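Right, one structure below, let's go through it.
FYI, it's all coordinate maths here, none of it is from the lab. Keep in mind the model is a prediction, meaning the values are calculated, not measured. Please note: Cβ atoms are built from the backbone with ideal geometry, for glycine as well, and neighbour counts cover all protein chains shown.
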Amino acid sequence: MLSRTLRKSVLDTKLSTSTLPPTFLLPFRARCFNSTTQHIDSPPEATDATLGSSSVPSVPTSDNSAIPKANSPPTSIPTAPSVPTSRPALSDSVKELLPLLRAQPAHFVTAHIHAQPYLVTEGDIVRLPFHMPGVVPGDMLRLNRATSIGSRDYTLKGTPYLDERIFECRARVMGTEAEPMRTKEKKKRRTRKTKTVKSKHKFTILRIAELKVLPVEEIET
Amino acid sequence: MRSGIGLPKRTQGVLKALGLRKRMKTVFYPVTPEVAGQIMKVKELVAVREVEKALSKEELKEERRPDAGYYLESAAPR
Amino acid sequence: MFGAFKPTNALSGGLLWKIPWRLSKFQKQRQRRRLRAVDTVVSVIDQALAKKGITTKAVERWKDEMPIEQEMLPKDKYTIFDRKEKKYRKGIHKLPKWTRLSQRLNPPGY
């Protein structure tokens, strides 16, 4: 019900201006969807008005970026990957639709850290479920593995990962957070001894400092 | 990849002869007709890949490790 | 006769397990994946042997006789011949150890 009214409102604005509506025109709830996992395809009439035919909002990238990464010892921080000489070109549909995705601000990204997905947008604070080794507060991390990036109407999905040239996502290390001390009693049957195990883990906190989609010209060069 | 439990003793014997004692175990063999025949006997239970040279245990583990997905761009003074 | 202890088939017969007569769509999908996994194993072996210029009887015979997953009829993928059934066909899941066996061919005409 909500989505239908939403869609209608989007449709009206789109048909009147035949361009993408600025986000401040949208109702408040519509902007809330940006931070949720809900996937909204753009209404087909709207895409017809803005694009031509055969334009699907979610276009998988054909270029699967398999970049040889310098293997570092597990305790240290991964270094920046060496830039491969021959990079696969973007497919035509991506080239066509990427400016539209870029024109619509407030992007979200599904960044993968150690193969775990985090659906984030700019300004989000992420508590990682582990203590990231080798980083101190103030460090800037570049997140370069993502399965999807999108805005309100457009989503670019990777196969399975996106080309890392398309977007820039940076995260600032805010610090660490500790959980309350947990104690667990380890008791074997028919034995008087009780062992108490204590555990208190630390978790790294990140803030997504920057998230932007790069223009096609910069990606090509 | 898959277990040979409950299968005929001959099939289990082939698995054992290939050195596949547990599920998900990886073994390396040269390409020979003998090995090909053995694999054909247990083709429903295994996955096969051709590699240049035998990988060590560490290399296999490194292959399974997922990508970190981040790198340090600018470090704070520490 | 009625009530909590009415004699059902499961109670009166002792052991009664109900097995559906056909595969579900998820079972069928997994069955197709398994068939394709076997196909890839055979093709990898075949390519590796072809690079060395060797031919093996087991591989050649499999390639001659057995259809690959895309060539198989749906009938052959999910059912097998059985002379005791009414239409001479039963679900492949009635075959013991059916997920780890290759059962692709059936008598012609059935």
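Observations on the structure shown:
- Förster radius 25 Å - calculated FRET efficiency between B:ALA54 and C:LEU101, Cβ distance, rounded to 0.05: 0.25
- Counted residue by residue at 0.36 nm each, then reduced by the alpha carbon distance between them, the extension gain from A:GLU179 to A:LEU214 reaches 8.8 nm.
- Within chain B: Cβ-based charge dipole about Cα centre, in debye rounded to nearest 20 (Lys, Arg +1; Asp, Glu -1): 660 debye
- Take every Cα pair under 8 Å whose residues are at least 6 apart in sequence, average their separation, divide by the length of chain C, and the relative contact order is 26 percent.
- For peptide A:160-172, the mean count of partner chain Cβ atoms within 10 Å of a residue's Cβ comes to 1.
- For chain C, the residue among C:ALA58, C:ALA37, C:LEU16 whose Cα projects farthest onto the positive side of the dipole built from Cβ charges is C:LEU16.
- Candidates C:ARG100, C:ARG89, C:ARG33, ranked by Gaussian network fluctuation over chain C, Cα under 10 Å, top entry: C:ARG100
- Proxy reagent accessibility, fewest Cβ within 10 Å first, across B:LYS41, B:LYS9: B:LYS9, B:LYS41
- Listed residues A:SER91, A:ILE205, A:MET181: farthest to the positive end of the dipole of segment A:73-221 (Cβ charges): A:MET181
- Length-normalised contact order of chain B in % [C-alpha pairs under 8 Å, at least 6 apart]: 29 percent
- Note on segment C:19-100: the C-alpha convex hull projects to 6.4 nm² when averaged across all orientations.
- Shielding of peptide B:39-49 by partners, expressed as the average count of other chain Cβ atoms within 10 Å per residue Cβ, is 6.
- Positive-end extreme of charge dipole, segment B:9-57 - chosen from B:GLY37, B:ALA54, B:VAL27 (charges on Cβ): B:VAL27
- Ranked list, fewest to most other Cβ atoms within 10 Å of each Cβ, for B:TYR70, A:TYR161: A:TYR161, B:TYR70
- Most fluctuating residue given options C:LEU16, C:LEU73, C:LEU35, as computed from a GNM of chain C linking Cα atoms under 10 Å: C:LEU16
- Distance in nm between pseudo-label sites at B:MET24 and A:ARG190 (7 Å out along the Cβ direction from Cα): 3.5 nm
- About the centre of its Cα atoms, segment C:19-100 shows a dipole size close to 600 debye [charges on the beta carbon of Lys, Arg (+1) and Asp, Glu (-1) only; nearest 20 debye].
- Fluctuation leader among B:ALA36, B:ALA54, B:ALA68 - chain B, Gaussian network, Cα springs under 10 angstrom: B:ALA68
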